[in-house]
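Below: one structure, written as structure tokens.
The values are calculated or read from the model by the stated rules, or taken from the named source; none is laboratory data. This is a predicted model, so every value here is computed, not measured. Neighbour counts are summed over all protein chains in view; Cβ atoms, including those assigned to glycine, are modelled from backbone coordinates with ideal geometry. Accessible surface is based on the protein model in full, side chains and every heavy atom, while ligands, DNA and RNA are left aside. Shrake-Rupley method; radii C 1.70, N 1.55, O 1.52, S 1.80 Å.
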Amino acid sequence: MAKMMEVPEGTDKVDVRKRINKMLSTARRNAKPTVCALCGKTVTSFCNSHSVPQMALKPIADNGIILHASATIGFDKEIIDIENGVKKSGTFNYICNDCDNSFFQDYENLDNIVQHPTDKMLAEIAVKNFLLQLSKRSVEMELWNIMQQDFNTFENFEEGMDIKKMDFSEYESEMLFHKNIADKNESGGYQILFWKVLPYVVPIAMQSAITVTKDMEGNEINNIYNMDASVKMQYLHLAILPVEGSSVVIAFYHKRDKLYRRLRHQINSISENEVLKYINYLVFKYTENYYISKKIESEIYANESLQRLAQENDGNPNLGMLGVDNFWGLNYKPVDKNEIPNFLEKEWAV
């Protein structure tokens, strides 16, 4: 398996792990806001919110343990956690306990989630997705500050921070937009690309907002390299939620995001199996917020195409970190959806 973050032979990995965990702990502590992002109340203790509902993680857990995306990406398990228990997987601290218990109750409900989703449910999913993005970007900015202060890591520090701040502002705007829809129980705003309740438990659980760069025919959707502040990225929301005896697969966007209309027509013109294959591909190509059953652990480690796709960044290898060792990506061929296992097929059910 291709490893990320290789360390020189003889390095004390325990020491490296301790130093990384210390930096991450400090960054997370510094990144915590002073008020709940949903209700605006001053908070001293934030909820351990799950980016993917626990009800979707428990069905794929093996003795309470699930694999994280870091396992697929190829991080050294002696340095970075690649698995954990359900309660500690995919958590973030950005809202109060009251909001966490009340705001998402429509979609985080076993009876509701297997029914055709309402706009309120879709809005709740979108809000959760952008709360995670806000939390992650906050931690990243604090981590950048620490690395710059301690190691003078970045030559373009100010430029990089400006981009992260611009992302943060956009995520906040998106979160408030979808929160308003949920609060007012508005309807008619979302376009569902795909919704299906599969009659088996798939081995992955995830939900995320992604900026798809190209549609199925290679036409541009989002230009992620356009740094013009007036250009807003348009987001597609994905959710794969295994529950008791079945799995819910949802892909949707808000109708104001018109760049996805061509993709909608493409999806409507192909078979259900091809749509599932495409959604499975999007999970590993665009997201890191997915969790995997240990029952397919051997396939995760054995499939090189899956590992390469998980390590891609906009079609470039090694998370986009190009250099002499990978020939600046010049000879790299991006992984195709047909080269990886489709974990949404029944043969992978757990």
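List of remarks:
- Among the residues of the stretch 290-304, not a single one is of a type in the set (Gly, Ala, Ser), without any contact (Cβ under 8 Å) to a residue 60 or more places away in the chain, within 30 Å of Arg137 (Cβ to Cβ) and surrounded by 15 or more Cβ atoms within 10 Å (Cβ to Cβ).
- Tally of residues being in a loop (DSSP other than H, G, I, E, B) and at pLDDT 90 or above across the stretch 309-331: 2
- Residue satisfying condition, being touching a residue at least 40 places away in the same chain (Cβ under 8 Å) and more than 19 Å from Lys346 (Cα to Cα), within set Val249, Val212, Val275: Val212
- A single entry from Ile80, Ile95, Ile66 fulfils the requirement of being farther than 30 Å from Met233 by Cα and buried (at least 22 other Cβ atoms within 10 Å of the Cβ): Ile66.
- Looking only at the stretch 38-63, and only at residues there that are β-branched (Val, Ile, Thr) and surrounded by fewer than 20 Cβ atoms within 10 Å (Cβ to Cβ), the one that is modelled with the lowest pLDDT: Thr44
- Unique residue being over 21 Å from Ala71 (Cβ atoms), among the aliphatic types (A, V, I, L, M) and surrounded by 17 or more Cβ atoms within 10 Å (Cβ to Cβ) when the list is Leu330, Leu344, Leu309, Leu276: Leu276
- Total residues in the stretch 236-273, condition at pLDDT 95 or above and either touching a Cys at 6+ places or on another chain (Cβ under 7 Å) or open to solvent by 30 Å² or more (accessible area, probe 1.4 Å) (or both): 15
Yes/no matrix, rows are residues, columns are (1) touching a strand residue (DSSP E or B) at 6+ places or on another chain (Cβ under 8 Å); (2) closer than 21 Å to Gln207 by Cα:
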position	(1), (2)
Asn93	yes, yes
Asp100	yes, yes
Thr118	no, yes
Ile125	yes, yes
Ser135	yes, yes
Trp144	no, no
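- Out of Met233, Met206, sole residue that is open to solvent by less than 10 Å² (accessible area, probe 1.4 Å) and in contact with a Ser or Thr (Cβ under 7 Å, 6 or more places away or on another chain): Met206
- If only residues of the stretch 239-279 that are touching a strand residue (DSSP E or B) at 6+ places or on another chain (Cβ under 7 Å) and basic (Lys, Arg) are counted, the one that is farthest from Ile221 (Cα to Cα) is Lys255.
- Failed item in (1) surrounded by 11 or more Cβ atoms within 10 Å (Cβ to Cβ); (2) assigned to a loop (DSSP other than H, G, I, E, B); (3) touching a residue at least 24 places away in the same chain (Cβ under 8 Å), with Glu217 passing the rest: (1)
- Some residue of the stretch 78-87 being out of contact with any helix residue (DSSP H, G or I) (no Cβ under 9 Å at 6 or more places or on another chain), part of a helix (DSSP H, G or I) and not acidic (Asp, Glu): no
- Checked against (1) part of a helix (DSSP H, G or I); (2) over 19 Å from the mean Cα position of the chain (by Cα); (3) among the β-branched types (Val, Ile, Thr), Thr72 passes all but a single condition, namely (2).
- Candidates Leu132, Leu122, filtered to the one that is within 22 Å of Leu282 (Cα to Cα) and in contact with a Ser or Thr (Cβ under 6 Å, 6 or more places away or on another chain): Leu132
- Any hit, the stretch 312-320, residues being over 14 Å from Phe343 (Cα atoms), crowded, with 17+ Cβ neighbours inside 10 Å, touching a residue at least 40 places away in the same chain (Cβ under 8 Å) and of a type in the set (S, T, N, Q): yes
- Entry remark, the stretch 335-350: residues being assigned to a loop (DSSP other than H, G, I, E, B), hydrophobic (A, V, I, L, M, F, W, C) and over 13 Å from Arg308 (Cβ atoms) number 4 in total.
- Failed criterion for Tyr200 (all others in (1) over 26 Å from Lys258 (Cα atoms); (2) in a strand (DSSP E or B); (3) not hydrophobic (A, V, I, L, M, F, W, C) hold): (2)
- Filter result for the condition that a residue is touching a Leu at 6+ places or on another chain (Cβ under 6 Å), among the β-branched types (Val, Ile, Thr) and assigned to a loop (DSSP other than H, G, I, E, B), over Val231, Val212: Val212
- Residue match in the stretch 115-133 (condition: at pLDDT 95 or above and of a type in the set (Lys, Arg)): yes
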